[in-house]
Amino acid sequence: MPIERNELRRVMGHYATGVTVITTLSKEGKLHGLTANAVSSLSLDPPLLLICVDKKAESYACFEESGVFTVNILADDQEDISRRFAVSGGEKFEGVAYRRGANGAPILHGVLAHLECKVHAAFDGGDHTIYIGLIEEAETREAKPLLFFRGGYRAIGD
Ligand SMILES: Cc1cc2nc3c(=O)[nH]c(=O)nc-3n(C[C@H](O)[C@H](O)[C@H](O)COP(=O)(O)O)c2cc1C
């Protein structure tokens, strides 16, 4: 029998991850972003990563429409940003410092790293779609990561 969804969430919550905000654009050019930890490196040659996006997310259509996204890896002082982008819809970028990257998607101010991507492929993943991004630009900054473990935000050493 398949595992029940809350139990699956609880068990997978034992896999400690970083926290990202994935930014993208609608076809009208409106900025979108969502908090995500279903993110993985994939290939060095060509340089690929993958993200998993809920088909019910407000920003879902943007990945197909714009063909671009940027993975913003959050720093340990950006829990408020993570919480803001984990709420569906609304004007999430109001009062948030960012600049536009070469692909047009926002790069949030103060992130630990960012990776600008072009959508390379998409695969069905149940109630999510797996997007593979071709990494075109990437940069890091000296800071500590925000972590997510057992349903809560953590910092290294907690
Ligand atoms: C720590 C954390 C990790 C999350 N990871 C993902 C993820 O990998 N993929 C996803 O689609 N949603 C993920 N979510 C949920 C989205 O952030 C949430 O559904 C958000 O409201 C979607 O925004 P939108 O509907 O405006 O697009 C995560 C939320 C949190 C708090």
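The values are calculated or read from the model by the stated rules, or taken from the named source; none is laboratory data. All values derive from a computational prediction rather than experimental measurement. Cβ sites come from the backbone with ideal geometry, for glycine too, and all protein chains shown count toward neighbours.
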Checklist entry - Of the residues in region 31-67, how many are within 11 Å of the ligand (Cβ to nearest atom) and either loosely packed, with under 15 Cβ neighbours inside 10 Å or more than 27 Å from residue 79 (Cβ to Cβ) (or both)? => result 4
Next on the checklist: Checking the condition out of contact with any Gly (no Cβ under 9 Å at 6 or more places or on another chain) and under 21 Å from residue 41 (Cα atoms), which residue from 90, 110, 67 passes?
Outcome noted: 67
Checklist entry - Would you say residue 29 is of a type in the set (Gly, Ala, Ser) and outside any strand (DSSP E or B)? => result yes
Checklist entry - For region 133-158, how many residues meet the condition of being closer than 24 Å to residue 8 by Cα and part of a strand (DSSP E or B)? => result 8
Checklist outcome for this item: In region 74-95, residues that are in a helix (DSSP H, G or I) and out of contact with any Ser or Thr (no Cβ under 9 Å at 6 or more places or on another chain) total 2
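Name every residue in region 96-109 that is of a type outside the set (A, V, I, L, M, F, W, C), surrounded by 15 or more Cβ atoms within 10 Å (Cβ to Cβ) and not in a loop (DSSP other than H, G, I, E, B), in order of residue number.
First, pick out the residues of region 96-109 that are of a type outside the set (A, V, I, L, M, F, W, C): 98-101, 103-104, 106, 109.
Restricting the remaining residues to those that are surrounded by 15 or more Cβ atoms within 10 Å (Cβ to Cβ) gives 98, 101, 103-104, 106.
Listed by number, the residues that qualify are 98, 106.
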Checklist entry - Are any of the residues in region 75-94 under 21 Å from residue 126 (Cβ atoms) and either at pLDDT below 95 or among the β-branched types (Val, Ile, Thr) (or both)? => result no
Next on the checklist: Of everything in region 111-132, what is within 15 Å of the chain's Cα centre (by Cα) and either away from the ligand (no atom under 16 Å from the Cβ) or part of a strand (DSSP E or B) (or both)? Give them in sequence order.
Outcome noted: 113, 114, 115, 116, 117, 118, 119, 128, 129, 130, 131, 132
Item to check | Every pair of residues 6+ apart whose Cβ atoms lie under 8 Å, when the first sits in region 140-154 and is under 20 Å from residue 70 (Cβ atoms) while the second is polar (S, T, N, Q) and within 9 Å of the ligand (Cβ to nearest atom) | outcome: 146/82; 148/17; 148/37
Checklist outcome for this item: Listed by first then second residue, the pairs whose first member lies in region 114-134 and is closer than 21 Å to residue 104 by Cα, whose partner is basic (Lys, Arg) and in a strand (DSSP E or B), with beta carbons under 9 Å and at least 6 positions apart or on separate chains, are 133/118; 134/118
Checklist entry - Exactly one of (1) small (Gly, Ala, Ser); (2) over 16 Å from the mean Cα position of the chain (by Cα); (3) within 13 Å of the ligand (Cβ to nearest atom); (4) within 24 Å of residue 140 (Cα to Cα) is unmet by residue 13. Its number? => result (4)
Next on the checklist: Just to be sure I understand the filter: pairs with C-beta atoms under 8 Å, separated by 6 or more residues or on different chains, first member in region 34-48 and outside any strand (DSSP E or B), second member modelled with pLDDT of 95 or more and within 16 Å of the ligand (Cβ to nearest atom). Which pairs pass?
Outcome noted: 37/17; 37/18; 37/19; 37/20; 37/148; 38/51; 38/52; 38/128
